[in-house]
1. Sorted by accessible area with a 1.4 angstrom probe, largest first, how do HIS116, HIS84 fall?
2. In debye to the nearest 20, how big a dipole does the chain give about its Cα centre with +1 on each Lys and Arg Cβ and -1 on each Asp and Glu Cβ?
3. Could you work out which residue, out of ASN80, ASN20, ASN64, moves most in a Gaussian network model of the chain, that is, has the largest mean-square fluctuation with Cα springs under 10 Å?
4. Ignoring ligands, DNA and RNA, please state the percent of accessible area on the range 5-133 from carbon and sulfur, probe 1.4 Å.
5. What does the accessible area per residue of the range 3-129 come to in Å², with a 1.4 Å probe and no ligands, DNA or RNA counted?
6. For the chain, build the charge dipole from Cβ charges (+1 Lys, Arg; -1 Asp, Glu) around the Cα centre, then report which of PHE26, HIS84, ASN123 sits farthest towards its positive end.
7. Report, in deg cm²/dmol and to the nearest 500, the calculated mean residue ellipticity at 222 nm for the chain, where each DSSP H run with n ≥ 4 adds -39500 (n - 2.57) and the sum is divided by the residue count.
8. Using only the Cα atoms of the chain, build the gyration tensor, take square roots of its eigenvalues as a ≥ b ≥ c, and label the shape rounded, prolate or oblate: rounded if a/c is under 1.5, else prolate if a/b is larger than b/c, else oblate.
Amino acid sequence: MTEQTLSIIKPDAVERNLENEIKLFFENNNLKIVKSKKVKISKDEACQFYKVHQTKPFYNDLCNYLSSGPIIVMILEGENAVLHNRKLMGATDPKKAEKGTLREKYGISIDKNSVHGSDSVENGKIEINFFFK
Ligand code: UDP
Ligand code: MG
């Protein structure tokens with residue numbers, strides 16, 4: 001089934017000029033970039049975006065991090081886009097990410113792991129709506 005998912009190139013990767021390389025990787029792997037924009041969000045917005053993690057010990061750092069610099073937000077579209085994108089990203093912790101995945105290639109640490117991807121079609125819709133209303 002054709003789906004859409006939200007992808008974010010996080011501050012650590014934008015800072016290292018990895019935008020084009022990461023976008024090419026998606027397009028070469030059957031994910032079409034339907035929309036893309038560079039934004040810088042406030043800490044409040046980052047906390048809102050990551051609200052599902054509000055009880056986690058890393059929540060405050062996560063909000064600070066996502067709002068620390070420009071990010072690229074994208075709508076990706078393709079067959080099973082949600083799961084497919086998660087596979088291309090690799091595990092949350094770059095040290096555990098499979099070889100050839102974005103996080104294995106570019107991730108610095110579990111917090112600075114270069115990319116975000118929605119974890120379900122339902123959350124994808126919510127996340128897309130958050131950035132592209
Ligand atoms: N995160 C972190 N420390 C942790 C777990 C997660 O800093 O121990 C950050 C990391 O940037 C991750 C984000 O919180 O990408 C959201 O966590 P989630 O478990 O949803 O991982 P993801 O869906 O991004 O793989
Ligand atoms: Mg997640």
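The values are calculated or read from the model by the stated rules, or taken from the named source; none is laboratory data. Since the structure is predicted, the reported quantities are computational estimates derived from the model, not experimental observations. So basically every Cβ, Gly included, is an ideal-geometry build from the backbone, and we count neighbours across all protein chains shown. SASA here: full protein model, heavy atoms, side chains in, ligands and nucleic acids out. Shrake-Rupley method; radii C 1.70, N 1.55, O 1.52, S 1.80 Å.
1. The most accessible residue leads, giving HIS84, HIS116.
2. Dipole about the Cα centre, nearest 20: 160 debye.
3. So, out of ASN80, ASN20, ASN64, the one fluctuating most is ASN20.
4. 50 percent
5. Ligands and nucleic acids excluded, the result is 54 Å² per residue.
6. Among PHE26, HIS84, ASN123, the one farthest towards the positive end of the dipole of the chain is PHE26.
7. About -11000 deg cm²/dmol.
8. Note, shape of the chain comes out rounded.
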